[in-house]
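One structure is given below, encoded as structure tokens.
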Amino acid sequence: MSSLDKPNTPQSDQVVEPNGVIGILGGGQLGRMLAIAAAPLGLKTHILEPDDHCPAADVAAKHMIASYTDESALAEFAKSVDIITFEFENVPADTLNMLAALGARVAPEARALSVAQDRLHEKDFCASIGVRTAPYHAVDNLAALHQGLKEVGTPAILKTRRLGYDGKGQTHIAAHNNDLTETWEKAQIHAWEAVGARPSILEGFIPFEREISIIGARNAKGDIALYDIVENAHSNGILITSCVPAAISKETSDSAKFIMTRMLMELDYIGVMAVEFFVLRNGELLVNEIAPRVHNSGHWTINACAVSQFEQHLRAIAGWPLGDPERHSDAVMKNLIGPEALTWRDLSRQSNTCLHLYGKREAREGRKMGHLTILNSHRNES
Ligand code: AMP
């Protein structure tokens with residue numbers, strides 16, 4: 001079936017014109033930045049999010065406080081908007097199905113979401129299109145973990161299939177010769193309990209040289225726009241910095257672009273999507289994660305490109321021509337985590353620096369409170 005015969009995804013001739021309303025499921029910082037990007041295009045945003053103090057509520061035209069499974073709220077929400085998108089991938093797939101059943105147009109569509117929501121489906125999808133990932137094994141119980149460790153080897157990482165983010169829901173399993181000893185058995189029980197004894201996936205630990213990601217967009221006409229590849233640094237599973245350009249060869253960059261294009265086409269995707277990769281020493285790429293949404297590693301595009309990932313997403317789902325993704329400045333994006341955001345006064349004095357704060361009230365440990373984008377930062381290196 002081509003995208004043209006699908007009932008509830010945007011068709012190439014359906015355009016949300018200026019003054020139209022974009023519905024966003026989720027009201028976090030990504031929703032906030034989408035709503036901010038909508039304003040210059042003359043588009044309005046309505047958000048649906050259960051938390052009444054969410055970051056997007058400050059800037060969206062309307063905030064419906066409701067759960068994602070409240071059918072009557074979803075029906076009312078669907079009536080108040082021209083198209084619906086989501087800003088985080090843990091929106092239940094059933095919510096999208098309910099909205100589709102109500103006749104609402106939703107983008108990206110449920111398939112991309114269900115692939116990305118489940119680490120096993122994500123890896124199987126990559127394998128089905130010939131894209132490499134870390135070796136993996138589905139783990140539904142201790143026996144499967146034991147078998148998986150034999151196949152995948154150690155060190156390894158056990159991750160819950162669903163609802164993990166920022167390094168949550170995962171545990172590292174140290175190198176071991178796999179002899180069946182009491183300590184090794186205990187280590188496996190410990191790992192299984194650490195992920196809450198939930199359906200999981202065991203991944204071989206990849207001694208990568210660097211981590212990169214790419215942000216791409218596709219509209220219903222099939223036009224594709226790709227941003228430059230960024231290099232990411234994580235700590236405890238949380239993204240700390242994204243640097244563009246990434247220190248990779250043209251071949252590696254081209255293969256990341258090829259894989260992204262392949263995935264956008266394969267999923268008949270409409271909107272912005274991010275793909276994270278591990279880069280091996282020989283330059284080969286393994287896909288780590290697919291995010292069917294705007295992404296933290298694309299925040300630099302707000303200040304270093306004419307059209308940001310947020311505007312691009314709106315253009316793609318609203319049936320507008322895609323914008324120019326070209327980068328006009330080098331950039332380093334730094335997340336402000338927890339109390340780091342309390343230094344906003346000093347940060348706001350730095351030159352070449354764009355400060356973004358998300359309006360969250362409590363600077364809790366590990367919470368993304370804002371980010372900085374430092375432009376042309378190579379010029380400042382001494
Ligand atoms: P994830 O939530 O799966 O993206 O994992 C968060 C971070 O943990 C990644 O960005 C990597 O830095 C690290 N990580 C995850 N999976 C692996 C792996 N299989 N091998 C090595 N490092 C990993």
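The values are calculated or read from the model by the stated rules, or taken from the named source; none is laboratory data. Fair warning: this is a prediction, and the values are worked out from it, not measured in the lab. Positions of Cβ are generated from backbone atoms using ideal geometry, with glycine treated the same way; all protein chains shown enter the neighbour counts. We work out accessible area using only protein heavy atoms, side chains counted, and drop any ligands, DNA or RNA first. Shrake-Rupley method; radii C 1.70, N 1.55, O 1.52, S 1.80 Å.
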Is it the case that some residue within region 208-220 is within 16 Å of the ligand (Cβ to nearest atom), in contact with a Lys or Arg (Cβ under 9 Å, 6 or more places away or on another chain) and among the hydrophobic types (A, V, I, L, M, F, W, C)? yes
ILE189: passes all of (1) touching a Ser or Thr at 6+ places or on another chain (Cβ under 8 Å); (2) open to solvent by 30 Å² or more (accessible area, probe 1.4 Å) but (1)
I'd like the residue in region 60-104 that is of a type in the set (Asp, Glu) and in contact (Cβ under 8 Å) with a residue 12 or more places away in the chain and, out of all such residues, is surrounded by the most Cβ atoms within 10 Å (Cβ to Cβ). GLU87
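Would it be correct to say that ASN232 is within 15 Å of the ligand (Cβ to nearest atom), in the same structural domain as ASN90 (by TED's automatic domain parsing) and at positive phi? Give the derivation first.
Numbers: within 15 Å of the ligand (Cβ to nearest atom): yes; in the same structural domain as ASN90 (by TED's automatic domain parsing): yes; at positive phi: no.
No; evaluated as a whole, the condition is false for this residue.
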Selection status of LEU336, surrounded by fewer than 24 Cβ atoms within 10 Å (Cβ to Cβ) and hydrophobic (A, V, I, L, M, F, W, C): yes
Among (1) open to solvent by 70 Å² or more (accessible area, probe 1.4 Å); (2) within 15 Å of the ligand (Cβ to nearest atom), the one test that THR160 misses: (1)
Only one of (1) away from the ligand (no atom under 15 Å from the Cβ); (2) open to solvent by 50 Å² or more (accessible area, probe 1.4 Å); (3) farther than 23 Å from LEU285 by Cβ fails for LYS168. Which number is that? (1)
Take ARG361 and decide whether it is under 23 Å from the mean Cα position of the chain (by Cα) and open to solvent by 30 Å² or more (accessible area, probe 1.4 Å). no
Taking HIS137 and the conditions (1) in contact (Cβ under 8 Å) with a residue 60 or more places away in the chain; (2) within 9 Å of the ligand (Cβ to nearest atom), which numbered condition does it fall short on, given that it satisfies the others? (2)
Tell me, which strands (runs of 3 or more DSSP E) wholly within region 184-285 include 2 or more residues that are more than 18 Å from the chain's Cα centre (by Cα)? 200-204
Kindly provide the set of residues from region 296-320 that are closer than 12 Å to SER242 by Cβ, part of a helix (DSSP H, G or I) and open to solvent by less than 10 Å² (accessible area, probe 1.4 Å), ordered by number. SER297, GLY298, THR301, ALA304, GLN309
Check ASP140, ASP118 and return the single one that is acidic (Asp, Glu) and within 25 Å of the chain's Cα centre (by Cα). ASP118
Is it true that some residue in region 142-155 is open to solvent by less than 60 Å² (accessible area, probe 1.4 Å) and within 11 Å of the ligand (Cβ to nearest atom)? yes
Residue check for GLU89: in the same structural domain as LEU267 (by TED's automatic domain parsing), under 26 Å from LEU264 (Cα atoms), touching a strand residue (DSSP E or B) at 6+ places or on another chain (Cβ under 8 Å) and not β-branched (Val, Ile, Thr): yes
Among the residues of region 226-253, which ones are surrounded by fewer than 21 Cβ atoms within 10 Å (Cβ to Cβ) and in contact with a Gly (Cβ under 8 Å, 6 or more places away or on another chain)? LEU226, HIS234, ASN236, GLY237, ILE238, ILE248, SER249, GLU251
